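Okay, structure first, notes after.
The values are calculated or read from the model by the stated rules, or taken from the named source; none is laboratory data. Bear in mind the structure is a predicted one, so any value in this text is a computation, not a measurement. Here the Cβ positions follow ideal geometry from the backbone for every residue, glycine too, while neighbour counts run over all protein chains shown. Only protein heavy atoms, including side chains, enter the accessible area calculation; ligands, DNA and RNA are left aside. Shrake-Rupley method; radii C 1.70, N 1.55, O 1.52, S 1.80 Å.
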Amino acid sequence: MPSLSELYRYPLKSGRGEALQRSSVDGLGLNGDRRWMVVDADSGRFITQRLLPQMSQLSALYDGRGGLTLSAAGVEDLCVALPEPDQALRGVTVWRDSLRVPDAGDEAAAWLSALLGKSCRLVQVPDERTRQVDTAYAQPGDRVAFADGFPLLLIGQASLDDLSRRVGQPLSMLRFRPNLVVTGSEAYAEDSWKRIRIGEVEFDVAKGCSRCILTTVDPQTGERHAQREPLATLKTYRERDGDVYFGQNLLPRGVGELQVGMPVEVLE
């Protein structure tokens, strides 16, 4: 039976991933995942590694109370408290979604602006201000925080191994920013899954994850691959209707605890 081999949380959208051994999970995904985001100070539009690949070198650790500790090479760490859910609201945009969420204050904005070389703000999304998942793939009431479209992303280790073989070099799983990594299944087996169970929590497999230029950023160095790998190789065999797919987006159907080593039961 397949098993859960790795768990990752990304407290700050497009910041470094944090490896976990266990995590609680609810309708918004892993506890503390992508609840914070950097936005353009003027437009409020979200900023990611697509625009600023150096964000891959920015660490934002969740402190367990909802706040963050920001760190990066050459600068002093900054602790950022969880803002009040209805104060200092700022209009922001994530893809086609516009929402108003709390701003984390001038100190965090100055720290990030100096680090990234761009005027920006740090915002946080409370549970009651999250976004509706696209109802073409979800039910009314399914919510997502600041992740691109869905609460969770799953990738099979065998799928990455196959891609690494095709590219001709080992690839870090963190290029693809999954929350859940599964071993013990065949390459791309997750493409055919519709429902799975891990521990006491069931998940709907909503749709494949379409990939972009962000996958060409080396999470260790922040540099983009000159030949646009692994996206270039993925396009040769994983392209469909103009999009390139790798991994599966999940919708949790319950709450519970996930732990590395748990069996992954394919229900449908």
Name the residues whose placed amide hydrogens come within less than 5 Å of the amide hydrogen of Gly256, ignoring near sequence neighbours (fewer than 5 apart) on the same chain. Val25
Cα-based Rg (one decimal) and Dmax (whole number) for region 1-158, in Å? 15.4, 50
Would you mind telling me the share, in percent, of accessible area of region 187-268 contributed by carbon and sulfur at probe 1.4 angstrom? 43
Qualifying GluC sites (Glu not before Pro) in region 1-89, DSSP loop, other Cβ atoms within 10 Å at most 12: Glu76
Simple spin-label estimate for Asp40/Asp161, 7 Å along Cα→Cβ, in nm, reads 4.4
Nearest-5 percent of antiparallel DSSP beta bridges in the chain? 90
State, as an integer percentage, the relative contact order of the chain based on alpha-carbon contacts under 8 Å between residues 6 or more apart. 25
Counting only other residues whose beta carbon sits under 13 Å from that of Gly17, what net charge do I get with K and R as +1, D and E as -1? +3
For region 5-63, take the alpha-carbon Rg, divide it by the Kirkwood Rh, and send me Rg/Rh. 1.01
Taking the alpha-carbon centre of each part, the distance from region 173-233 to region 64-98 in Å is 26
For region 241-258, just list the computed ³J(HN,Hα) in residue order, Karplus coefficients 6.51, -1.76 and 1.60, θ = phi - 60°, integers in Hz, with x standing in for Gly and Pro. 6, x, 10, 10, 10, 7, x, 10, 7, 10, 10, x, 10, x, 10, x, 10, 10
Cut-off under 5 Å, modelled amide H: who pairs with Leu153 long-range: Asn179, Leu180, Leu250
May I ask you to list the lysines whose Cα is less than 25 Å away from that of Lys194, ignoring any residue fewer than eight positions away on the same chain? Lys207, Lys235
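Tell me the relative contact order for region 1-102 as a rounded percent, counting alpha carbon contacts under 8 Å between residues six or more apart. The partial results should precede the final answer.
Numbers: 166 pairs, mean separation 20.6, N = 102.
After rounding, I find 20 percent.
What's the carbon and sulfur percent of region 1-130's accessible surface, probe 1.4 angstrom, rounded to a whole number?
On the way: 2640 of 5750 Å².
C and S fraction of accessible area: 46 percent.
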To test your reading of the geometry: what angle, between 0 and 90 degrees and rounded to tens, separates the Cα axis of helix 157-167 from the longest principal axis of the chain? 90
Principal axis dimensions, the chain - Cα atoms, whole angstrom, descending: 49, 42, 34
With Cα coordinates, the longest principal axis of the chain makes an angle with the long axis of helix 106-116, in degrees rounded to 10, of 60
Name the chymotrypsin sites (Phe, Trp or Tyr not before Pro) in region 131-218 that are in a loop by DSSP and that have at most 10 other C-beta atoms within 10 Å, would you? none
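Relative contact order for region 127-212: what percent, with Cα pairs under 8 Å and sequence separation of 6 or more?
On the way: 93 pairs, mean separation 20.6, N = 86.
Computed value for region 127-212: 24 percent relative contact order.
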Within the set Ser43, Ser159, Ser23, GNM on the chain using Cα springs under 10 Å gives the largest fluctuation to Ser43
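What accessible area per residue, rounded to a whole number of Å², is obtained for the chain using a probe radius of 1.4 Å?
On the way: 11910 Å² over 268 residues.
That works out to 44 Å² per residue.
Would you compute, from DSSP H runs of 4+ residues alone, the mean residue ellipticity of the chain at 222 nm, taking -39500 (n - 2.57) per run and dividing by the full residue count, rounded to the nearest 500?
Dividing the helical sum by the residues of the chain leaves -3000 deg cm²/dmol.
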With a 10 Å cut-off between alpha carbons and a GNM built on the chain, which of Asp26, Asp103, Asp241 moves the most? Asp241
Which is the longest stretch in the chain that no exposed loop site breaks, taking sites as trypsin sites (Lys or Arg not before Pro) with a DSSP loop state and at most 15 other Cβ atoms within 10 Å? 119-193
All other residues with a Cβ under 13 Å from the Cβ of Tyr8 taken together, and with Lys, Arg as +1 and Asp, Glu as -1, what is their net charge? +3
